[in-house]
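Input: a single structure, listed below in structure tokens.
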Amino acid sequence: MRIAILGTGAMAAALGGGWARAGHEVVVTGRTPERAQELAAGIGARAVPPGEAVAGADVVLLAVAHTGVADVLHAVGATAGALAGVTLIDPVNAVDHGGGPLRLPDGSSHAELVAAAAPGAHVVKAFHLFPSTRWTEPAPGPGTVPLCGVDAEALRTTGHLVRDLGAEPVVFGDLSRARQLEEAAGFVISLAFTGIDPATAVPSMSAAATAR
């Protein structure tokens, strides 16, 4: 697949690098051409200007801070329909650095706001629960990546990309359930920044069965 990465940070590098190693064609764009070129060279991708990034893309990864989402979607033409029919993966957590409440209107999710800002795009919430190092360092197990989305083909495509990274996808529901996943990520991030392993706060299946 041809995958366009919007962003040049740690998550862009981790996911883009994994997909490039899996044999996908990856292009990278960002606000700073030099950073995009540096990232592309490091992961075996190609740097392109924002206006060219999504042309012919099968999948687009939105890998920027929540405060930069509106600008990057406008820069690549998504707000004018450039991503109509394209799978748009949203791993963005709309929380401040270090955790805290979601910076979203009550009753909405970041994924739903992205869908509204990118008319026609097939938005899938995914990859937001793990830090970028999950995809660059050895992991104790395959891991599970929950997905939320409406379009069945976009969910299948995202699931394929999850498996390319050595994890397993599970469909959690449509975008109306994305906020639940985003709240969970806020909880995980807050624990991690206070030095608590989030795994210790979530019961294992055996413990949950015992509690019942």
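Taking amide H positions as placed 1.01 Å from N in the peptide plane, with prolines and chain starts having none, which residues 5 or more places from Val86, or on another chain, fall under 5 Å of its amide H?
Long-range HN contacts for Val86: His122.
Per residue, how much accessible area does region 1-104 have with a 1.4 Å probe, in Å²? The partial results should precede the final answer.
Numbers: 4380 Å² over 104 residues.
Per residue, region 1-104 has an accessible area of 42 Å².
On full extension of the chain, what length is gained from Ala116 through Glu137, given 0.36 nm per residue of separation minus the C-alpha to C-alpha distance?
Gain on stretching Ala116 to Glu137: 4.1 nm.
Which whole-Hz ³J(HN,Hα) couplings does region 123-128 yield from phi under the Karplus relation 6.51 cos²θ - 1.76 cosθ + 1.60, θ = phi - 60°, glycine and proline marked x?
In residue order, the calculated couplings are 7, 10, 7, 6, 6, 9 Hz.
Between Val150 and Ala55, what is the label-point separation in nm under the 7 Å Cα-to-beta-carbon projection?
2.9
If you restrict to DSSP beta bridges whose two residues both lie in region 14-163, what percentage is antiparallel, to the nearest 5?
20
Calculate, in nm to one decimal, what Val171 and Arg46 gain on full extension: separation in residues at 0.36 nm each, minus their alpha carbon distance. Walk me through the numbers on the way to the answer.
Details: separation 125, 0.36 × 125 = 45.00 nm, distance 3.10 nm.
Net length gain for the segment: 41.9 nm.
Residues in region 54-81, backbone N under 13 Å from the label point at Arg2 (7 Å along the Cα-to-beta-carbon vector): list them, ranges by number please.
Only 54-60 pass the distance filter.
The values are calculated or read from the model by the stated rules, or taken from the named source; none is laboratory data. Because the structure is predicted, anything quoted here is derived from the model rather than measured. All Cβ positions, glycine included, derive from the backbone under ideal geometry; neighbour counts span all protein chains shown. Just so you know, the surface numbers come from the protein's heavy atoms only, side chains and all, with ligands and any DNA or RNA stripped out. Shrake-Rupley method; radii C 1.70, N 1.55, O 1.52, S 1.80 Å.
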